[in-house]
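Step one of this worksheet: look at the structure below.
The values are calculated or read from the model by the stated rules, or taken from the named source; none is laboratory data. What you are looking at is a predicted structure, and each value in this text was computed from that prediction instead of being measured. Cβ: placed from backbone, ideal geometry, glycine included. Neighbour counts: every protein chain shown. Protein only, heavy atoms only, side chains kept; ligands, DNA and RNA dropped before computing areas. Shrake-Rupley method; radii C 1.70, N 1.55, O 1.52, S 1.80 Å.
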Amino acid sequence: MKAIILLGPPGSGKGSVAEVLTDDGYIHISTGELLRQQIRQGTEIGKKAASLMDQGVFVPDEMVVGMIRDVLENATPDQCFLFDGFPRTRIQAEKFDELIHQMNVDLTAVILLNCPDQVIVDRLGGRRTCPTCGAVYHLTHVPPQKEGLCDQDGATLVARPDDAPETVQARLDVYAKQTEPLIGFYQEKGLIRPVNSALPIDEVRANVLLELAK
Ligand code: AMP
């Protein structure tokens, strides 16, 4: 089994990069999306996660580590995973290290998406998502074909509660405090591949592929 990690602040384009990399055979695992699925299904995990997520703070480490353990335990040796939004804390990174060691997973790269705060605030302010299937749009950069409706299933698009401007700032603060230190953690392992993600998505994708080919 192989894995790469997408590391970067909220709104830096992890989801968009992941979407295009799935065309290259990667299996996209977004812990945020897994948690939103649990909320939609009304599970115990979903109930515990919902209010924390709405405030822009992290859910407990053991909750996301458990979800990642389940993914790896159900995987086959030929699979290649792309982790988006995990790990986000030092403890998660250490637990992940233990897991990949036990399960023989080869972590080949950590793509670091660099993006200025102003671009992030614009992206998240205009982001709209489908409450049914999770598809992501932007009011001006990636509009749906019919205004306000999902291209996939026609559901009415909504703004994520945690994309409200005051919550975005809280998420950026949490990222700076808890997740940014992981850059050093993975730099020491020689895995960090920095990419400028403020560029148009096609260029970001091309640069990510270049970094992965190094
Ligand atoms: P995302 O979709 O990646 O922006 O994640 C949305 C929210 O889910 C975050 O603001 C957190 O509340 C929660 N979340 C997602 N991944 C993690 C994680 N690895 N650790 C803790 N909380 C997470």
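Considering only protein heavy atoms and a probe of 1.4 Å, how much of the accessible area of the stretch 1-159 is carbon and sulfur, as a whole percent?
Within the stretch 1-159, the accessible surface is 50 percent carbon and sulfur.
Could you list which residues have their amide H under 5 Å from that of residue 30, counting only those 5 or more apart in sequence or on another chain, with H placed in the peptide plane?
84
Considering Cα pairs under 8 angstrom that are at least six residues apart, work out the relative contact order of the chain and quote it in whole percent.
30 percent
If r is the Cβ-Cβ distance from residue 159 to residue 133 and R0 is 22 Å, what FRET efficiency results, to the nearest 0.05?
Between residue 159 and residue 133 the formula returns 0.85.
Cα gyration tensor of the stretch 1-132, axes a ≥ b ≥ c as square roots of the eigenvalues: rounded (a/c below 1.5), prolate (a/b > b/c) or oblate?
It comes out oblate by the Cα gyration axes.
Where the only charges are on Cβ atoms (+1 Lys, Arg; -1 Asp, Glu), what is the dipole of the chain about its Cα centre, to the nearest 20 debye? Walk me through the numbers on the way to the answer.
Details: 21 positive and 30 negative charges, 44 e Å.
So the dipole magnitude of the chain works out to roughly 220 debye.
How large is ³J(HN,Hα) for each residue in the stretch 178-185, as worked out from phi by the Karplus curve 6.51 cos²θ - 1.76 cosθ + 1.60 (θ = phi - 60°), to whole Hz, x for Gly and Pro?
Per-residue couplings from phi come out as 9, 9, 4, x, 5, 4, x, 4 Hz.
Between residue 91 and residue 44, take the C-beta separation as r, use R0 = 25 Å, and let me know the FRET efficiency to the nearest 0.05.
Rounded to the nearest 0.05, the efficiency is 0.70.
With an 8 Å cut-off on Cα pairs and a minimum separation of 6 or more residues, tell me the relative contact order of the stretch 109-182 in percent.
On the way: 63 pairs, mean separation 20.0, N = 74.
That works out to 27 percent.
Which value, in debye to the nearest 20, gives the size of the charge dipole of the stretch 1-88 about its Cα centre, when Lys and Arg are +1 and Asp and Glu are -1 at the Cβ?
Charge dipole of the stretch 1-88: 260 debye, to the nearest 20.
Give the ranking of 150, 80 by solvent-accessible surface, highest area first, calculated with a 1.4 Å probe.
The most accessible residue leads, giving 80, 150.
Starting from the amide H of residue 3, placed 1.01 Å from N in the peptide plane, find each other amide H under 5 Å away whose residue is 5 or more places distant or on another chain.
Residues meeting the criterion, in which the H sits 1.01 Å from N, are 81, 106, 107, 108.
What percent antiparallel are the DSSP beta bridges of the chain, to the nearest 5?
On the way: 6 of 26 bridges.
DSSP beta bridges in the chain are roughly 25 percent antiparallel.
Once R0 is set to 25 Å, what does the formula 1/(1 + (r/R0)^6) return for the Cβ-Cβ distance between residue 209 and residue 142, expressed as a FRET efficiency to the nearest 0.05?
So the FRET efficiency works out to roughly 0.75.
Taking 8 Å as the Cα distance limit and 6 or more residues as the minimum spacing, I'd like the relative contact order of the stretch 1-112 as a percentage.
Rounded, it is 52 percent for the stretch 1-112.
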